[in-house]
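Colleague: What follows is a structure written as structure tokens; I'll ask about it next.
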Amino acid sequence: MVRIHSGNGTHEEMDRRAIACFDQALADIGLADIGLANTGLAANERLRQVLHDYFAWATTTTMARYHGSADDVPDGLGIPRWSWDGLQRDPE
């Protein structure tokens, strides 16, 4: 996936728009509809925030790292681990 998004130069505006679209998709499925549910409201907001944080982080770091060429992406690039607490260190 990183190779697909690499080699196109920097694109901060497109990154911001992608994050906005992702946030709108979360709203479209009800994760941003504060006040509509009697139960699980805090859990929905937490889930929405964690998903937003992950997507924004991945969009502006991992997916934006190789501006020059998709050939710069190393073979075997690992998938970063993310949890409720954000980015996790790889187990050593």
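The values are calculated or read from the model by the stated rules, or taken from the named source; none is laboratory data. Bear in mind that the values here come from a model prediction, so they are computed numbers and not experimental data. Here the Cβ positions follow ideal geometry from the backbone for every residue, glycine too, while neighbour counts run over all protein chains shown. These accessible areas exclude ligands, DNA and RNA; they are computed on the full protein's heavy atoms, side chains included. Shrake-Rupley method; radii C 1.70, N 1.55, O 1.52, S 1.80 Å.
Colleague: In region 65-81, which residue that is hydrophobic (A, V, I, L, M, F, W, C) and modelled with pLDDT of 90 or more is farthest from residue 4 (Cα to Cα)?
Modeller: From region 65-81, those hydrophobic (A, V, I, L, M, F, W, C) are 70, 73, 77, 79; that's our starting set.
Applying the additional criterion that residues be modelled with pLDDT of 90 or more yields 70, 73.
Values: 70: 7, 73: 10 Å.
Only one residue tops the list, namely 73.
Colleague: Let me ask something else. Does residue 2 satisfy being part of a loop (DSSP other than H, G, I, E, B) and either aliphatic (A, V, I, L, M) or modelled with pLDDT of 85 or more (or both)?
Modeller: So residue 2 passes the test.
Colleague: Further question: Could you give me the residue pairs with C-beta distances under 8 Å whose first residue belongs to region 1-18 and is farther than 11 Å from residue 60 by Cβ, whose second residue is open to solvent by 100 Å² or more (accessible area, probe 1.4 Å) wherever it lies, and which are 6+ apart or on separate chains?
Modeller: As it stands, the answer is 2/65; 6/65; 7/71, since those pairs meet every condition given.
Colleague: I'm checking my understanding of the structure. Among residues of region 57-92 that are without any contact (Cβ under 8 Å) to a residue 40 or more places away in the chain and part of a helix (DSSP H, G or I), which one is surrounded by the most Cβ atoms within 10 Å (Cβ to Cβ)?
Modeller: 58
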